[in-house]
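The values are calculated or read from the model by the stated rules, or taken from the named source; none is laboratory data. From a predicted model like this one, the values you see are computed outputs, not experimental measurements. Because the Cβ atoms are built from the backbone with ideal geometry, glycine has one as well, and the counts that use them run over all protein chains shown. Just the protein is used for accessible areas: all its heavy atoms, side chains included, with ligands, DNA and RNA removed. Shrake-Rupley method; radii C 1.70, N 1.55, O 1.52, S 1.80 Å.
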Amino acid sequence: QVQLVDSGGGLVQAGGSLRLSCVASRSIFSFNVMGWYRQAPGKQRELVGTFTSGGSTSYAEAVKGRFTISLDNAKNTLYLQMNTVKPEDAAVYYCAASRQSNWSLYGMDYWGKGTLVTVSS
């Protein structure tokens, strides 16, 4: 059973930075894609960005230029570097992963439990 443990959330001032981490219980090479989602109170969960096995990244328009996803293969860890954080970035952030090539159609296979990001203005 694959486990994803996400962490790093907390209180950050608007304009500040925060880095989230997601440690996988098995080699991240086994995944076709890893990514970050977020869900704010009263809103649907949304995709923040992804990192594919081919090394490409993609981001939601709302975070482009501010957030960066990276991988540390040796540590089986996915990161989300959040810069110039805005109040609207406040949410529970979830790490996710899939072994499927059609993950965008069927969804991610594995999920972390989430880490809360609170933004003070």
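Report summary: the helix-based calculation at 222 nm, which adds -39500 (n - 2.57) for every DSSP H run with n ≥ 4 and divides by the residues of the chain, gives -500 deg cm²/dmol. Taking every protein chain into account, the 1.4 Å probe leaves residue 61 with about 140 Å² of accessible area, to the nearest ten.
Would you work out the charge dipole size for the chain about its Cα centre, treating the Cβ of every Lys and Arg as +1 and the Cβ of every Asp and Glu as -1, and quote it to the nearest 20 debye?
80
Annotation: lysines with alpha-carbon distance below 23 angstrom to residue 64 (same-chain offsets under eight excluded): 43, 86.
The order of the peptides 51-58, 6-13 by mean Cβ neighbours within 10 Å, most packed first, is 6-13, 51-58. Hey, what did the chain get for relative contact order, percent, Cα under 8 Å, at least 6 apart? Computed over the chain, the figure is 37 percent.
Summing Lys, Arg as +1 and Asp, Glu as -1, what charge do residues with Cβ under 15 Å from the Cβ of residue 31 carry, residue 31 excluded? Neighbour charge sum, excluding residue 31 itself: 0. For the pair residue 68 and residue 52, label points projected 7 Å from Cα toward Cβ lie 2.1 nm apart. Of all lysines in the structure, the ones whose alpha carbon falls short of 25 Å from that of residue 75, not counting any fewer than 8 places away in one chain, are 113. For a test of the definition: using alpha carbon positions, the gyration tensor, and the 1.5 limit on a/c, classify the range 1-72 as rounded, prolate or oblate. Prolate, since a/c reaches 1.5 and a/b exceeds b/c. The candidates 26, 45, 38, arranged from most to least accessible area with a 1.4 Å probe in the full protein assembly, appear as 45, 26, 38. For 64, 43, 86, 113, the ranking by accessible surface with the largest value first comes to 113, 43, 64, 86, using a 1.4 Å probe. For the chain, the spherically averaged projection of the C-alpha convex hull amounts to 7.0 nm².
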